[in-house]
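Read the figures in this text as sums done on the coordinates, not as results from a lab. These numbers come from a predicted model, not from an experiment. Here the Cβ is made from the backbone with ideal geometry for all residues, glycine too, and neighbour counts use every protein chain on show.
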Amino acid sequence: MAVVLALSLVRFFQSVLSPLIVAAFMIVLIDGVSRFLQRRLPRAPAWLRRGIAGVMILAAFGLVAGLMVLEARPFAMQLRALVPKLDALLLRALGMIGATPTTLEEMFSGIDPGRLAGIAFSTARHLTSYAALVLIYFGFLAVSRAASARKFERLYSTARRRASALRVIQSVSHAVERYAWLQTLKALLIAFMAWILMTVLGVHDAMFAAFLVFLSAYVPIVGAVIGSVFPGLLALAQFDDLSRPILLVAILASTVFVIDNIIMPKLQGDELNLDPLFILVSLGFWAALLGAPGVLLATPLTVTVMAIADEFTSTRWVAVLLSRDGRPSGERDG
């Protein structure tokens, strides 16, 4: 009953908790980058390392937003050439099955352009306010870090409980850092392969299309598959024959299959110790609770649940089920 009540409260306060979780995720990323800088700059003070890490993380998010604003319109103009080609493919497919010929414009003739514009404006406004909330939470979390250590010492009455909470925090921090690293590595591999294929085949705007592939690959399991469609659509818009788009999508889809089903499960199993089945199930679960951020953070949030459940005897079975090898704490049979 307590779990159901807690999940209901999370769902009810989604608009408040979702940006807070994203801001906390950014703080953990900054800590990870700060520890990386500590190995490279051991004499640098902690405040300087955290400052550099914070600037790097915020600059990365700003770069993503800037590229989307500057390059999205020209990219969309390139894709406008898709309409007549998709119409021809649609007419050919309908003719093969004996259906009434139609076009995309006729299929979507009932859609009100004013309503679409309103939806687009509302979405842009929501994203802007969401980003502002994330930055506000991020600022308050960064300022309150100094007092967090003192609060942590006084929060638990015994050393045993304090050690248990510290294990959870360390497990979550490690999982978030490794997850971010693994997803970045996967996204870079897929985007680099997409850029090479588009360059070899002569596809225009290959860099921005590879950038879209890179961003979409951050969504676990389904993101890379969806992202591999962008280069194919761009090639279809630029070339009259279907050979190059089909070749591009086929090779890129094969690359995604190898990375997602052979390389990444091995790396995630070693680094995060999560069952691949529950990684897939967690996508829908966290998306229902937190929306789009839940999809992006599904794996680290599931690791958080596993780490907390492992600390209590009554819930340890949950941690065992979520783990890949049945040993959520990383212990080995001896």
### Summary
Taking Lys and Arg as +1 and Asp and Glu as -1, residues besides Leu247 with C-beta under 15 Å from its C-beta add up to -1
### Query
Once phi is turned into θ = phi - 60°, what whole-Hz ³J(HN,Hα) does the Karplus curve with 6.51, -1.76 and 1.60 give for every residue of the range 253-263, x standing for Gly and Pro?
5, 5, 4, 4, 4, 5, 5, 6, 9, 10, 7
### Query
Quick one: putting +1 on the C-beta of Lys and Arg, -1 on the C-beta of Asp and Glu, what dipole do you get for the range 157-334 around its Cα centre, in Debye to the nearest 20?
640
#### Entry: Within-15-Å neighbourhood charge of Ile27 [Cβ basis; K, R +1; D, E -1]
+2
### Task
Return the long-range amide H neighbours of Leu274 (sequence gap of 5 or more, or a different chain), with a cut-off of under 5 Å between placed amide H atoms.
Arg324
### Message
Give me the one-decimal nm value for the distance between modelled label points at Ile262 and Arg35, 7 Å along each residue's Cα-to-Cβ direction.
### Response
3.2
### Message
Taking every pair of distinct Cα atoms and averaging 1/r, then inverting, what Kirkwood hydrodynamic radius in Å comes out for the range 157-334?
### Response
17.7
